[in-house]
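Notes follow once the structure below has been shown.
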Amino acid sequence: MDKPRDVLIYGGLAELSKNAANFFLELSLKEVSSKGVFTAALSGGHTPLALYNALSSGYYKKSVPWKNVHLFWGDERCVKPDNPQSNYGAAYNALISKVPIPAENIHRMHGEADPAEATREYDGELKRFFGGAAPVFDLVLLGLGADGHTLSIFPSSKAVREKDRLVVENYVEKLGQFRLTMTIPLVNNASNIVFLVSGEDKASVLKEVLEGEGRYPAEMIRPVNGRLVWMVDKQAAEFL
Ligand code: 6PG
């Protein structure tokens with residue numbers, strides 16, 4: 001029997017992002033009050049930027065317990081942090097530079113380094129932070145590509161088959177570039193996994209992924225013990 005899964009449909013990206021900000025805030029308060037820390041792995045791409053902007057303004061900026069929040073990345077492009085392609089750079093500009101989160105709470109993947117070295121380093125960072133046990137993130141935010149990829153796990157790329165490592169370098173044929181990515185087993189360990197999906201260009205792949213025929217990497221996201229939530233706008237939900 002599949003684990004519980006919620007598909008929440010919103011009027012548009014703004015409403016989706018506001019609800020995602022509420023989800024982030026409520027979960028962070030709950031986890032910080034129960035264990036003193038909240039760990040979240042951020043997604044790259046464009047969809048989450050409205051969420052990051054919401055979290056860095058007004059009510060959320062004031063209410064999230066930033067001093068106890070630790071941010072990680074689900075994946076990263078192999079570029080310098082100041083490159084417009086950088087997932088860390090985008091989150092820095094929209095969120096990190098605007099909230100009182102301590103620098104030591106930011107755990108970025110070193111996209112500027114040699115990919116194999118960067119994944120070894122991040123693997124070490126995760127093991128140091130989570131004390132050597134299998135990391136259990138409180139929250140992993142994910143996006144969905146129109147080709148059914150998530151993180152930087154693209155269809156028929158090597159990372160699809162990775163069952164043991166936490167983080168891998170992954171050569172993406174269609175992009176002609178390496179990416180750094182958390183693996184499916186690591187993400188599936190998380191307590192809360194939230195896909196943010198917006199736009200009509202995602203409508204057909206979203207329907208197929210939710211039908212679960214096993215064609216796409218995004219379908220391999222199945223939390224072992226946690227919760228899977230799809231926060232989508234009505235454009236992406238057109239065929240549901
Ligand atoms: C990345 C992301 C990737 C992204 C999807 C959706 O580094 O690009 O991690 O998995 O979430 O490609 O991207 P959009 O939100 O831009 O459509």
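Observations
- Checking every residue in region 114-127 against the condition of being in a loop (DSSP other than H, G, I, E, B) and crowded, with 20+ Cβ neighbours inside 10 Å gives zero matches.
- Any hit, region 159-173, residues being of a type in the set (Gly, Ala, Ser), on the phi > 0 side of the Ramachandran plot and within 13 Å of the ligand (Cβ to nearest atom): no
- Residue within region 65-78 that is surrounded by fewer than 15 Cβ atoms within 10 Å (Cβ to Cβ) and among the acidic types (Asp, Glu) present: no
- Some residue of region 221-238 being within 13 Å of the ligand (Cβ to nearest atom) and part of a helix (DSSP H, G or I): no
For every residue, the table says whether it meets (1) under 22 Å from residue 171 (Cα atoms); (2) in contact with a Lys or Arg (Cβ under 7 Å, 6 or more places away or on another chain).
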residue: 79; (1), (2): yes, no
residue: 83; (1), (2): yes, no
residue: 88; (1), (2): yes, yes
residue: 116; (1), (2): yes, no
residue: 122; (1), (2): yes, no
residue: 127; (1), (2): no, no
residue: 146; (1), (2): yes, yes
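- Residue within region 188-207 that is among the basic types (Lys, Arg) and near the ligand (Cβ under 10 Å from one of its atoms) present: yes
- Every listed requirement among (1) without any contact (Cβ under 8 Å) to a residue 60 or more places away in the chain; (2) in contact with a His (Cβ under 8 Å, 6 or more places away or on another chain); (3) of a type outside the set (Val, Ile, Thr) is met by residue 59 save one, (2).
- Number of residues in region 53-91 that are in contact with a strand residue (DSSP E or B) (Cβ under 8 Å, 6 or more places away or on another chain) and either more than 12 Å from the ligand (Cβ to nearest atom) or small (Gly, Ala, Ser) (or both) equals 10.
- Conditions (1) away from the ligand (no atom under 15 Å from the Cβ); (2) in a loop (DSSP other than H, G, I, E, B); (3) of a type in the set (S, T, N, Q); number of the one not met by residue 97: (2)
- Condition check for residue 34: among the hydroxyl-bearing types (Ser, Thr, Tyr) and more than 22 Å from residue 230 (Cβ to Cβ): yes
Bear in mind that the values in this text are calculations on the coordinates, not laboratory data. Every value quoted in this text rests on a predicted model; they were computed, and no experiment measured them. Here Cβ is always computed from backbone atoms with ideal geometry, including for glycine, and neighbour counts include all displayed protein chains.
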